[in-house]
Amino acid sequence: MHFTVPDYYKEFTCTAGQCPATCCAGWQIQIDPASLKKYRKAKGTLKNRLKNEIDWDEKCFRRYDGRCAFLNEDNLCDLYLEGGGAKAFCRTCRTYPRHIEEFEGLREISLSLSCPAAAQIILGRSEPVRFLHAEDPDRSEPQPDAYEDFDYFLFTKLEDAREVLFQILQDRTRPVNIRAAAALAFAHDLQERIDHGALYDADRLLERYKKENMWIWFEKRLKLLASAEDHVRKRQETLLKLFEIQNRLETLQDDWKPQLEETVKHITECSSRNKNKEPVPGFTALFTDNTAEQLLVYFVFTYFCGAVYNYNAYGKMKFAFAGMILIREVLRAQWRADPKGTGRTDLIRTAYRYSREIEHSDFNKVRMEDLLSDEIEFPLEDLLRLL
């Protein structure tokens with residue numbers, strides 16, 4: 001089994017009771033079959049509590065006021081404290097905030113942005129992320145029939161494409177808006193080849209996006225879009241459509257929708273005064289090019305190669321792009337309301353709250369990607385206006 005992890009992977013340390021947003025509250029914790037079997041056989045002081053505090057039909061821990069039944073008043077886990085440490089955890093609790101994507105012969109592991117400590121690491125990096133590769137021949141792989149329909153040729157092209165995306169997104173000699181535009185357009189062009197069964201032409205596409213004149217073209221394209229008479233109107237419409245998508249997703253946190261409503265109000269008010277795109281030194285010092293880069297690289301690494309399962313590489317890139325934009329705009333609204341009181345803590349908090357709402361719901365991830373894939377509602381040029 002081969003493994004890939006970001007180079008910051010081992011930097012993570014759980015802050016336990018000091019965490020500002022415990023992972024034991026706000027969502028349902030599913031229990032894997034092996035752990036359920038272990039809990040059924042439990043003895044001692046935990047026996048009765050496990051029996052009562054597990055929903056055996058739903059295969060999850062019970063919650064009270066949104067908090068796991070085993071989360072105590074000090075925001076510490078009684079199951080951990082009384083059950084002998086991490087060995088008492090189910091798979092979900094043992095692995096979080098590690099996010100695992102499985103492919104044939106490859107397991108990619110990242111830290112989830114939804115964890116405050118992980119978000120601090122991801123957004124606190126000053127250097128471009130590098131990815132480490134290793135092989136563990138002793139690790140068992142899934143049964144061969146688990147990947148019976150795995151398109152290995154497509155997967156290799158997605159891996160190659162992702163490397164080009166990383167090169168584009170991490171080229172710090174260019175402004176991040178041009179990098180993001182090139183990455184989005186590259187995924188768009190790759191998708192055309194996937195849709196038309198022309199992956200044999202993918203290598204030529206990869207080479208085209210490595211050329212110097214590519215940067216000149218996108219710089220001119222963004223300037224041309226920004227100079228159009230209807231640019232401000234179309235930009236606002238596209239932003240509002242992105243936020244409208246959020247209203248069509250399930251809500252995991254009660255305070256998330258009000259936050260989105262405040263952001264939409266800010267977008268509408270600022271656009272009416274033509275202020276939503278004006279240079280704001282204070283905000284750009286908070287949400288920097290590096291911030292945008294780290295968010296885009298995080299989402300691309302985590303999800304892009306998953307297109308091997310649904311053949312929607314452009315949808316994965318749109319999902320990454322939208323995540324960066326939405327986090328930016330929610331933070332921008334907070335900054336506009338309180339420039340002096342909004343800082344790095346708010347950036348981290350906005351990022352992990354967005355991640356918790358979107359990434360921890362399979363329905364939300366799939367639904368958002370599907371809605372973004374509507375080329376009538378979200379054509380490439382309209383998305384580029386958001387940069």
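The values are calculated or read from the model by the stated rules, or taken from the named source; none is laboratory data. Predicted model, so just to flag it, every value in this text is computed and none were measured. Cβ placement follows ideal geometry from the backbone for every residue including glycine, while neighbour counts extend to all protein chains displayed. Side chains included, ligands, DNA and RNA excluded: accessible areas come from the protein's heavy atoms. Shrake-Rupley method; radii C 1.70, N 1.55, O 1.52, S 1.80 Å.
Among residues of region 83-95 that are farther than 12 Å from I29 by Cα, those with a Cβ under 8 angstrom from a residue that is outside any loop (DSSP other than H, G, I, E, B) and open to solvent by less than 40 Å² (accessible area, probe 1.4 Å), sequence gap 6+ or separate chain, pair up as G83/L46; A88/L46; A88/L79. Check region 185-208 and report whether any residue there is open to solvent by less than 20 Å² (accessible area, probe 1.4 Å) and either touching a strand residue (DSSP E or B) at 6+ places or on another chain (Cβ under 7 Å) or basic (K, R) (or both). Within region 185-208, none of the residues are open to solvent by less than 20 Å² (accessible area, probe 1.4 Å) and either touching a strand residue (DSSP E or B) at 6+ places or on another chain (Cβ under 7 Å) or basic (K, R) (or both). Considering only region 117-139, I want to know if a residue exists there that is assigned to a helix (DSSP H, G or I), open to solvent by 50 Å² or more (accessible area, probe 1.4 Å) and at pLDDT below 90. No, region 117-139 contains no residue that is assigned to a helix (DSSP H, G or I), open to solvent by 50 Å² or more (accessible area, probe 1.4 Å) and at pLDDT below 90. Within region 335-365, if we keep just the residues that are polar (S, T, N, Q) and touching a residue at least 60 places away in the same chain (Cβ under 8 Å), the residue that is farthest from R235 (Cα to Cα) turns out to be S361.
Over 30 Å from A307 (Cα atoms) and surrounded by fewer than 22 Cβ atoms within 10 Å (Cβ to Cβ) - does that describe any residue in region 88-108? Checked against the condition, which is being over 30 Å from A307 (Cα atoms) and surrounded by fewer than 22 Cβ atoms within 10 Å (Cβ to Cβ), region 88-108 yields at least one hit. Restricting region 238-257 to residues that are at pLDDT 95 or above and open to solvent by 40 Å² or more (accessible area, probe 1.4 Å) leaves a set whose member that is farthest from L384 (Cα to Cα) is R248. Can we say L111 is under 30 Å from T156 (Cα atoms) and either more than 29 Å from the chain's Cα centre (by Cα) or not charged (D, E, K, R) (or both)? Answer is yes for this residue.
Report whether or not L372 is hydrophobic (A, V, I, L, M, F, W, C), open to solvent by 10 Å² or more (accessible area, probe 1.4 Å) and under 28 Å from R221 (Cβ atoms). Judged against the criteria, L372 is not a match. A42 satisfies every condition listed in (1) loosely packed, with under 15 Cβ neighbours inside 10 Å; (2) assigned to a loop (DSSP other than H, G, I, E, B); (3) more than 28 Å from the chain's Cα centre (by Cα) except (1).
For Q334, are the conditions met, namely being open to solvent by 30 Å² or more (accessible area, probe 1.4 Å), assigned to a helix (DSSP H, G or I) and in contact with a helix residue (DSSP H, G or I) (Cβ under 6 Å, 6 or more places away or on another chain)?
yes
Just the residues that are among the charged types (D, E, K, R) and either part of a helix (DSSP H, G or I) or under 21 Å from I178 (Cα atoms) (or both), please, taken from region 363-374. Step through it out loud before you land on a result.
Quick first cut of region 363-374, residues among the charged types (D, E, K, R) only: 365, 367, 369-370, 374.
Once the filter is applied, which keeps residues that are among the charged types (D, E, K, R) and either part of a helix (DSSP H, G or I) or under 21 Å from I178 (Cα atoms) (or both), region 363-374 yields K365, R367, E369, D370.
Residues to consider are R344, R353, R349, R385; find the one that is modelled with pLDDT of 95 or more, in contact with a Gly (Cβ under 9 Å, 6 or more places away or on another chain) and not hydroxyl-bearing (S, T, Y).
On the way: R353 fails: in contact with a Gly (Cβ under 9 Å, 6 or more places away or on another chain); R349 fails: in contact with a Gly (Cβ under 9 Å, 6 or more places away or on another chain); R385 fails: in contact with a Gly (Cβ under 9 Å, 6 or more places away or on another chain).
The unique qualifying residue is R344.
The C-beta contact set for region 191-215 (first residue aromatic (F, W, Y), second residue open to solvent by less than 80 Å² (accessible area, probe 1.4 Å) and in a helix (DSSP H, G or I), distance under 6 angstrom, 6+ apart or interchain) comprises Y209/V164; Y209/F186.
If the condition is being in contact (Cβ under 8 Å) with a residue 60 or more places away in the chain and of a type outside the set (A, V, I, L, M, F, W, C), then region 366-384 contributes R367, S373, E377, E381, D382.
Tally time: how many residues in region 345-363 are among the small types (G, A, S), under 18 Å from T92 (Cβ atoms) and buried (at least 21 other Cβ atoms within 10 Å of the Cβ)?
The initial filter retains those residues of region 345-363 that are among the small types (G, A, S), namely 351, 355, 361.
Those still in the list that are under 18 Å from T92 (Cβ atoms) too: 355, 361.
Among the residues that remain, those that are also buried (at least 21 other Cβ atoms within 10 Å of the Cβ) are: 355.
Going through region 345-363 one residue at a time, the tally reaches 1.
Against the conditions (1) within 20 Å of the chain's Cα centre (by Cα); (2) part of a helix (DSSP H, G or I); (3) touching a residue at least 40 places away in the same chain (Cβ under 8 Å), S35 satisfies every one except (1).
Does at least one position in region 235-249 carry a residue that is under 20 Å from the mean Cα position of the chain (by Cα), part of a loop (DSSP other than H, G, I, E, B) and free of Cβ contacts under 8 Å to residues at least 24 places away in the same chain? Yes; the residues of region 235-249 include at least one that is under 20 Å from the mean Cα position of the chain (by Cα), part of a loop (DSSP other than H, G, I, E, B) and free of Cβ contacts under 8 Å to residues at least 24 places away in the same chain.
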